[in-house]
Amino acid sequence: MNEHFVAAPNWTWFILLYFFLAGLSGGSFVIGTLLRLFGTAADWAASRLAFLISFPLLILCPILLTLDLGKPLDFWHMLVNTGPDGGVSFKPWSPMSLGAWGLLLFGIFSFVMFVVALAEGNYVRWRAIEPAGRLLSHIAGMIFMVIGSVFGIFIAAYTGVLLAVSNQPVWSDTWSLGALFLASGLSGAAATVMLFTHRHREAVVTHSKLIEADRYFIILELVLIVLFLVGLGGLVSTVLGGGWIVLWIVVLIGTLIPLAMEWRPQLLGIRTASGPRGTTGAAAWSVERVSLIAPILVLLGVFALRAVIIFSAQA
Amino acid sequence: MAEPVGFFTDTTLCIGCKACEVACKEWNQLPNNPLEFRNSYDNTGQLDHANWRHVRFVETTTSNPDKPVAWSMMSDVCKHCANASCLEVCPTNAIIRTEYDTVFIQQDVCNGCRDCISACPYGVIGFNSNTGTAQKCTFCYDRLQNNLKPACATACPTQSIKFGPLAELRQTAAQRLSTLQAQGVSNASIYGDKEYGGLHAFFLITEKPEAYKLPATQSAVLPSRNNLPGYVGAVVTAIVAGIAGLIAFRRRGDAPPEAPPA
C-alpha cells in the first residue's frame, strides 16, 4: 500500500452527479442493446425506453462537468490544444482526456438511438426521421448499437478508472473502481428502465427480465464491493470509518433489499415471463412493490456508493 | 534546448528563516496567507496555489530535557519531476515541460479541472479560485528567460537552496553527502535521485522521507500504473454483465419474434 501526501482535488457534488448519470446513461444504452440482441420482439418496447432514457441523462453530463471547472468557458480545452503545439488534446493514458472524447462520441450514438427510438415507437411523427425507425431492422443498425454499447460501457466505467489513475488514497490503491462503477451503473440503469416499463403498456412484458438482469448486476456489484474493500487493506478504515458507515448502510439497503425483493419474484406476484399482466389483488400489490420500491432503493444505493468513494478519500 | 536546471536543497543548512518563501511571494506576487495560529513555527502549512515555497518544520521530541524538541527544516517546493504525474494526467496539455526541463502550468490553457491536484504525489499544486486555474512553482520561468536565478535561491542566506545545471548539482549533492557521512551524520541521504525518473528539485535529508512528507521510493509511482488493471477489470466485468444480460433477456420460446410496430 502506497503512502500518500497528495492534496485533494475537491471534486464534490457536480462530479458525484456526473458519475451517477454517466453510469445510468451508459448502462441504459447497453441494456437497450442487450434487449435487442437477446430478447424477443416483445422486448423492443423496453429497449426503446432504454434508448429514450440514455440520451436525456447524457445531456446533463457535460453540463455538470463544465460547471465543475474553474474556467467553465474553457471547457473546450479538453478537446483542443490551445497551447503553442496546437492540434487536438488527446492523451489516451489520461482517463479524463479519453473520457472527454468518449462522452462526445457516445453522445453521437446516444442521440442517434434516441431519434431512432422516437421514430420506431411513433412518439413523434416527423417525416424526416421516419426512415430512422427502420434502421434497427438492418444488420447495420445492430452493429451501430453494439459499437455504441462499447462507448456506453466505457462511459459507465471510465469514471472509476479516472479516480484510480491518480495518487489519491483509496482511489489509487485499487484496480476495482472501473469495474465497480460499471456493475453499479448497469444495476442503476436496469432499475431506471424498470421505473418506466412499470407503467408502460407495451414494455411491461419485459419487466420480469429486467428484474432478473438487475439481480445479476447487483450480485456482480456486491462481489466487486467486497473485492474493493478487501483490496484496500489498512486503508479500509478511510472509507468505512467515521460517518461514512451511514452511506455504506444506504449502499447495503440499495443492494440487499432489492436483491431479496427480486430473488423470488414468483412469491411477490410475478408468475410468468410474460409479466404481471392479469394479476390482481394482493399479488398485483406485490408487483407494485417490486416494480417501484426496488428500483428506487437500487438508485439510492448507486448514488451512495459513488458518494462514499468520492467524498471519503478526499476528507 | 537550454541546459536542464535544478534545485538542490540541503536541509542540514536550512535555518527556517523563510526568506525563500518571502522572496517567492514577492517576485510572483502571491497573496498573503490568512493569519492563524498553528501549534508550530511552521505557519505556512503546505504548498498550494499561494505558497510555492514552504519551509517545513519537522519537529521530533527527544529524551534530552534541555532540548525537548529537535527540528529539521526543509524548504519544500515543486519537484519538477522528470516523469511528472501532473503532466501525465493533464487533459488539456496545459502542463508542459519547458526548455529548461522544468514543469510549467500554462495559465491560459488550464481550465481548472484539478486532475493534476489528484495526481501530484507531493501535494504541490493548489487551485486558485480567483483565476479558476491550478497553480504551482514556475521555477521562476520568467527569471530563467532573463538569465536570473530563481527568487528563492537568490534570497536563501545559508546556501541551503542551490540552483544550477542539474548535472552539476547532482555532483555537488554527492560530495556534500560524502562529507556529512565522513563527519558521522550516518542518516543523511539524497532524496530525488531515483524517484520519478529523478527530481529536478532534490534534497539532502537526515530523516526518513516520510518525515518530510515525501513518499518513499517504492511509493513514488505514476498514476498511469492503474490504467491497465482498471480497464482490464472493467472489460472483464463487461463480459460477465453481457453474459448476465444474455441469460436474463434470452428468448425463452414464450414469444416468437414479430415485426416491429408500424
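Name the one entry in B:93, B:39 that is in a loop (DSSP other than H, G, I, E, B) and crowded, with 24+ Cβ neighbours inside 10 Å.
Values: B:39 fails: crowded, with 24+ Cβ neighbours inside 10 Å.
Being in a loop (DSSP other than H, G, I, E, B) and crowded, with 24+ Cβ neighbours inside 10 Å holds for just one of B:93, B:39, which is B:93.
If I go through segment B:187-199 residue by residue, how many of them are surrounded by 13 or more Cβ atoms within 10 Å (Cβ to Cβ) and in a loop (DSSP other than H, G, I, E, B)? Let's see the steps before the verdict.
First pass over segment B:187-199, keeping only residues surrounded by 13 or more Cβ atoms within 10 Å (Cβ to Cβ): B:188-193, B:195-196, B:198-199.
Retained after the next criterion (residues that are in a loop (DSSP other than H, G, I, E, B)): B:188, B:192-193, B:198.
Number of matching residues: 4.
Total residues in segment A:48-73 satisfying the condition of being in contact with a Ser or Thr (Cβ under 8 Å, 6 or more places away or on another chain), without any contact (Cβ under 8 Å) to a residue 24 or more places away in the chain and surrounded by 16 or more Cβ atoms within 10 Å (Cβ to Cβ): the figure is 2.
Each row is one residue, and each column tells you yes or no for (1) within 14 Å of chain B (Cβ to nearest Cβ); (2) at pLDDT 95 or above; (3) touching a helix residue (DSSP H, G or I) at 6+ places or on another chain (Cβ under 6 Å); (4) in a helix (DSSP H, G or I).
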{"position": "A:260", "(1), (2), (3), (4)": "no, no, no, yes"}
{"position": "A:277", "(1), (2), (3), (4)": "yes, no, no, no"}
{"position": "A:283", "(1), (2), (3), (4)": "no, no, no, yes"}
{"position": "A:292", "(1), (2), (3), (4)": "no, no, no, yes"}
{"position": "A:305", "(1), (2), (3), (4)": "no, yes, yes, yes"}
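Within segment B:216-237, being crowded, with 20+ Cβ neighbours inside 10 Å and in a loop (DSSP other than H, G, I, E, B) holds for B:220, B:222. Taken over segment B:86-119, the criterion of being over 19 Å from residue B:4 (Cβ atoms) and polar (S, T, N, Q) is satisfied by B:92, B:93, B:106, B:107, B:111, B:118.
The residues in segment B:45-93 that are among the hydroxyl-bearing types (Ser, Thr, Tyr), more than 19 Å from the chain's Cα centre (by Cα) and closer than 18 Å to residue B:13 by Cβ can be counted, and the count is 1.
Looking only at segment A:150-170, how many residues end up being assigned to a helix (DSSP H, G or I) and either in contact with a strand residue (DSSP E or B) (Cβ under 6 Å, 6 or more places away or on another chain) or surrounded by 24 or more Cβ atoms within 10 Å (Cβ to Cβ) (or both)? So that I can check it myself, show each step before the final result.
Going through segment A:150-170, the residues assigned to a helix (DSSP H, G or I) turn out to be A:150-164.
Next, from what is left, pick out any that are either in contact with a strand residue (DSSP E or B) (Cβ under 6 Å, 6 or more places away or on another chain) or surrounded by 24 or more Cβ atoms within 10 Å (Cβ to Cβ) (or both): A:152-164.
Count: 13.
Yes/no matrix, rows are residues, columns are (1) closer than 18 Å to residue A:115 by Cβ; (2) outside any helix (DSSP H, G or I):
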residue	(1), (2)
A:17	no, no
A:24	no, no
A:37	no, no
A:54	yes, no
A:59	yes, no
A:86	no, yes
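Determine whether residue A:135 is within 12 Å of chain B (Cβ to nearest Cβ), modelled with pLDDT of 95 or more and either in contact with a Leu (Cβ under 6 Å, 6 or more places away or on another chain) or over 17 Å from residue A:232 (Cβ atoms) (or both).
On the way: within 12 Å of chain B (Cβ to nearest Cβ): yes; modelled with pLDDT of 95 or more: no; either in contact with a Leu (Cβ under 6 Å, 6 or more places away or on another chain) or over 17 Å from residue A:232 (Cβ atoms) (or both): yes.
No: the conditions fail for residue A:135.
For the subset of segment A:200-226 comprising residues that are more than 9 Å from chain B (Cβ to nearest Cβ) and in a loop (DSSP other than H, G, I, E, B), which member is surrounded by the most Cβ atoms within 10 Å (Cβ to Cβ)? Among those residues, the one meeting the criterion is A:203. Residues in segment B:47-72 that are more than 14 Å from residue B:213 (Cα to Cα) and in a loop (DSSP other than H, G, I, E, B): B:49, B:50, B:52, B:62, B:63, B:64, B:65, B:66, B:67, B:68. The criterion of being within 22 Å of residue B:85 (Cα to Cα) and more than 8 Å from chain B (Cβ to nearest Cβ) does not hold for residue A:19. Scanning segment B:15-32 for residues that are under 20 Å from the mean Cα position of the chain (by Cα) and in a loop (DSSP other than H, G, I, E, B) yields B:18, B:30.
Within segment A:227-241, can one find any residue that is part of a loop (DSSP other than H, G, I, E, B), surrounded by fewer than 22 Cβ atoms within 10 Å (Cβ to Cβ) and modelled with pLDDT under 95? Working first, answer last.
Just the residues of segment A:227-241 that are part of a loop (DSSP other than H, G, I, E, B), to begin with: A:241.
Remaining after also requiring surrounded by fewer than 22 Cβ atoms within 10 Å (Cβ to Cβ): A:241.
Going one step further and asking which of them are modelled with pLDDT under 95, we end up with A:241.
Within segment A:227-241, one or more residues are part of a loop (DSSP other than H, G, I, E, B), surrounded by fewer than 22 Cβ atoms within 10 Å (Cβ to Cβ) and modelled with pLDDT under 95.
Need at least 3 residues that are free of Cβ contacts under 8 Å to residues at least 60 places away in the same chain per element, so show me which helices (runs of 4 or more DSSP H) inside segment B:105-170 make the cut, counting only ones lying wholly within it. Quick ask: steps written out before the conclusion?
Numbers: elements: B:115-119, B:141-144, B:151-155.
Answer list for segment B:105-170: B:115-119.
Among the numbered conditions (1) more than 8 Å from chain A (Cβ to nearest Cβ); (2) surrounded by fewer than 20 Cβ atoms within 10 Å (Cβ to Cβ), the only one that residue B:247 does not meet is (1). Selection of segment B:1-41 for residues being closer than 18 Å to residue B:145 by Cα and in contact with a Leu (Cβ under 9 Å, 6 or more places away or on another chain) yields B:2, B:3, B:4, B:5, B:6, B:7, B:24. Within segment B:178-186, does at least one residue satisfy the condition of being buried (at least 22 other Cβ atoms within 10 Å of the Cβ) and modelled with pLDDT of 95 or more? No - not one qualifying residue is present in segment B:178-186.
Anything in segment A:64-76 that is closer than 19 Å to residue A:9 by Cα and either part of a helix (DSSP H, G or I) or not basic (Lys, Arg) (or both)? List them, or say none. Answer for segment A:64-76, where residues must be closer than 19 Å to residue A:9 by Cα and either part of a helix (DSSP H, G or I) or not basic (Lys, Arg) (or both): A:64, A:65, A:66, A:67, A:68, A:69, A:70, A:72, A:74, A:75.
From the list A:100, A:41, the one residue that fits, being more than 20 Å from residue A:166 (Cα to Cα) and either of a type outside the set (Val, Ile, Thr) or free of Cβ contacts under 8 Å to residues at least 60 places away in the same chain (or both), is A:41. Going by the structure shown, is residue A:107 over 14 Å from the mean Cα position of the chain (by Cα), outside any helix (DSSP H, G or I) and more than 30 Å from residue A:234 (Cα to Cα)? When the stated conditions are applied, residue A:107 does not pass them. Taking the conditions (1) surrounded by 14 or more Cβ atoms within 10 Å (Cβ to Cβ); (2) within 14 Å of another protein chain (Cβ to nearest Cβ); (3) over 20 Å from residue B:101 (Cα atoms) in turn, residue B:210 satisfies each one other than (1). In the set B:139, B:202, only one residue is surrounded by 22 or more Cβ atoms within 10 Å (Cβ to Cβ), of a type outside the set (Ser, Thr, Tyr) and touching a helix residue (DSSP H, G or I) at 6+ places or on another chain (Cβ under 9 Å); that residue is B:202.
Residue by residue, here is whether (1) crowded, with 20+ Cβ neighbours inside 10 Å; (2) hydrophobic (A, V, I, L, M, F, W, C); (3) under 16 Å from residue A:28 (Cα atoms) holds:
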{"residue": "A:118", "(1), (2), (3)": "yes, yes, yes"}
{"residue": "A:122", "(1), (2), (3)": "no, no, no"}
{"residue": "A:129", "(1), (2), (3)": "no, yes, no"}
{"residue": "A:147", "(1), (2), (3)": "no, yes, yes"}
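The set of residues in segment B:116-146 being farther than 17 Å from residue B:56 by Cβ and more than 10 Å from every other protein chain (Cβ to nearest Cβ) consists of B:135, B:138, B:139, B:140, B:141, B:142, B:143, B:144, B:145, B:146.
The values are calculated or read from the model by the stated rules, or taken from the named source; none is laboratory data. This one's a predicted model, so the numbers in the text were calculated from it and none came from an experiment. We place every Cβ from the backbone using ideal geometry, glycine too, and count neighbours over all the protein chains shown.
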